[in-house]
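This report concerns only the one structure given below.
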Amino acid sequence: MDIIPVTADDLDLSLHSDLLETQNLTLVASDPLLAHVNARFGFPAGLFDELVFLQCSHKIIRAASRPLQLPLAPQIDRTGIDFLRIDMANPRMTTSAMMTWGRHATSNAVDTNQEQCLDYLRRLPIDLTPDQLRRCTGRGFVIVRHLGYPLGVGFLESTRHSDQNCGHLRSMYPSAFAADLEQTTPFGNPS
Amino acid sequence: MNDAHPFARYRSIIPRWDDFQRALDRPLPTCVWANPLKITPPELEAHLREQGITFEPVGWRPGAYRLQGVARPGSRLAYLAGLYEIQEEVSLLPVELLDLSAGQRILDLCAAPGSKTAQIATTVGPRATIVANDRNFRRMRPLGRSLDRLGITNTTMMTADGTNLPGDIGKFDRILVDVPCSCEGTSRKNPDATAATEDDFARLCSVQRALLKRALELCRVGGRVVYSTCTYAPEENEAIVDSILQEFGSRYHLVPARLPGFAASSGLVTWRGEHFDPQLKDALRVYPHQHDTGGFFVAALQKSSD
């Protein structure tokens, strides 16, 4: 996927001319990024129109709200939220991005039952039902939801029934979050 | 009731002292608020009912709820999905007094651990810009996680000394100065919190004053600065605001720190023989027995000229 730098003028942003360089930020065009995620998740048109996308490192594209009235100094630690991991063969939306916009996804979103949800949050693999699998278009990243609320990212190994691992979903729930759930469950009953 | 009580020095200013003492012995209720970026209050209420969670709406703050009998609210599905944020009820006050509106540029000068920043960011809408600062990088980490969990895209984090922020940071329409303090008002959740000492005042008051002074300098004319602490000590509250008014009184004035449905106590105009600017009656003191919360102090200052 191409990452295309753009200027503040390209995005109709009124920024101090030195700001992006001072803060070590690069504005990037939304088109290739969103084409990638929209193709996978079927987000509605216009969902990301009020955001600008910034490359802050070789790993991450961040999404931040317009009009981006950032300080010229001192150095900022972060702005907006992590949107896309780009340091991998197939860039993927981050957990925070999935949690923020995942409810709008129309494809490759898995609505789990309570047992699957618990396994996902414990970073255990889950096996999708045929009905869940029908809503996925193929191997790759999926949004994991429960009761319609997005919780994070999973990786679906295959949707081909001839494959041994068809419907097998690897949990990519952040380990730090999972650690917070030791000895309890999100549903209130003892684990 | 006796003078050995840790907060006996405030007996003359705290109404219904016996009720105050009894309140300190009760556990603090858990308060959460619906994240408007992800869910409406009625939807959250329905979800909590479905999950078997008993709750009571906070009357003075729409969308906030006291949860009952929930041992670990930070492990519940609604929290993990970013549907609610946990924040002590009384600490919702200063943000409510910022008089927020869309498009503003807002600074949270002492932001860690960040619940008030999240409250600002979700209240003011996506087209505002919030700059959350704290000099303690480690204490800012929870804010980063909260922004991710709640889906907040309008906030920028930085780690700098708030008393010494450069002019290049720009001017702000609203500034929250929730200063480090002796935390007396947190004794219901932190039993180690006890009455402030002269050593505390020596350590804290100069920093508190410097933070408020810098905030006022960074505020646009017509803008508002809200100063808050979670302590009862007038030395950290009225005396700080009074010293600023004495030095720069022509540029700033207090606006009444009052919210409909939230009756508490006025700020002090005298303390141990010291007289403060009469405007300080417009500050707000909250004692734990008044709303079954922690203790708090808030003053709201409007900037009329540079």
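The values are calculated or read from the model by the stated rules, or taken from the named source; none is laboratory data. Values in this document were obtained by computation on a predicted structure and should not be read as measured data. Positions of Cβ are backbone-derived with ideal geometry, glycine not excepted, and every protein chain shown enters the neighbour counts. SASA here: full protein model, heavy atoms, side chains in, ligands and nucleic acids out. Shrake-Rupley method; radii C 1.70, N 1.55, O 1.52, S 1.80 Å.
Assorted remarks:
- Qualifying positions in segment A:110-127 - away from every other protein chain (no Cβ under 14 Å) and open to solvent by less than 20 Å² (accessible area, probe 1.4 Å): A:110, A:126
- Test: residue B:26 is more than 14 Å from every other protein chain (Cβ to nearest Cβ), of a type in the set (Lys, Arg), over 30 Å from residue A:99 (Cα atoms) and assigned to a helix (DSSP H, G or I): no
- Verdict on residue B:71 being away from chain A (no Cβ under 13 Å), modelled with pLDDT under 95 and assigned to a loop (DSSP other than H, G, I, E, B): no
- Here residue B:188 does not qualify as under 30 Å from residue A:152 (Cβ atoms), open to solvent by 10 Å² or more (accessible area, probe 1.4 Å) and more than 9 Å from chain A (Cβ to nearest Cβ).
- Check on residue A:184, of a type in the set (Ser, Thr, Tyr) and either more than 9 Å from every other protein chain (Cβ to nearest Cβ) or buried (at least 17 other Cβ atoms within 10 Å of the Cβ) (or both): no
- As a summary of the residue check, residue A:98 satisfies the conditions (1) within 13 Å of chain B (Cβ to nearest Cβ); (2) open to solvent by 10 Å² or more (accessible area, probe 1.4 Å); (3) assigned to a helix (DSSP H, G or I) except for the one numbered (2).
- Segment A:76-89 - residue that is more than 7 Å from chain B (Cβ to nearest Cβ), part of a loop (DSSP other than H, G, I, E, B) and in contact (Cβ under 8 Å) with a residue 24 or more places away in the chain and, of those, nearest to residue B:156 (Cα to Cα): A:86
- Odd one out for residue B:167 among (1) farther than 22 Å from residue A:74 by Cα; (2) open to solvent by 40 Å² or more (accessible area, probe 1.4 Å): (1)
- Some residue of segment B:214-231 being on the phi < 0 side of the Ramachandran plot, open to solvent by 40 Å² or more (accessible area, probe 1.4 Å) and assigned to a loop (DSSP other than H, G, I, E, B): no
- Residues being within 14 Å of chain B (Cβ to nearest Cβ), open to solvent by 50 Å² or more (accessible area, probe 1.4 Å) and either in a loop (DSSP other than H, G, I, E, B) or touching a residue at least 12 places away in the same chain (Cβ under 8 Å) (or both) are entirely absent from segment A:150-173.
- Residues of segment B:87-130 classified as outside any helix (DSSP H, G or I), closer than 20 Å to residue B:157 by Cα and not basic (Lys, Arg), total: 20
- Residue list for segment B:145-157, restricted to those being in a helix (DSSP H, G or I) and in contact (Cβ under 8 Å) with a residue 24 or more places away in the chain: B:146, B:147, B:149, B:150
- Checking each residue in segment B:29-57 for being more than 14 Å from chain A (Cβ to nearest Cβ), touching a strand residue (DSSP E or B) at 6+ places or on another chain (Cβ under 6 Å) and not in a loop (DSSP other than H, G, I, E, B) picks out B:31, B:32, B:33, B:41, B:56, B:57.
- Residue pairs whose Cβ atoms lie under 6 Å apart, separated by 6 or more positions or on different chains, with the first residue in segment B:3-21 and within 16 Å of residue B:185 (Cβ to Cβ) and the second outside any loop (DSSP other than H, G, I, E, B) and modelled with pLDDT of 95 or more, are B:11/B:17; B:14/B:20; B:19/B:289; B:20/B:289.
- Subset tally (residues that are without any contact (Cβ under 8 Å) to a residue 60 or more places away in the chain and in contact with a helix residue (DSSP H, G or I) (Cβ under 8 Å, 6 or more places away or on another chain)) for segment B:82-110: 6
- Out of A:181, A:147, A:124, sole residue that is touching a helix residue (DSSP H, G or I) at 6+ places or on another chain (Cβ under 7 Å) and within 26 Å of residue B:50 (Cα to Cα): A:181
- Residue count for segment A:37-59, restricted to those that are under 25 Å from residue A:21 (Cβ atoms) and polar (S, T, N, Q): 2
- Conditions (1) open to solvent by 10 Å² or more (accessible area, probe 1.4 Å); (2) within 13 Å of another protein chain (Cβ to nearest Cβ); (3) not in a strand (DSSP E or B); number of the one not met by residue B:180: (2)
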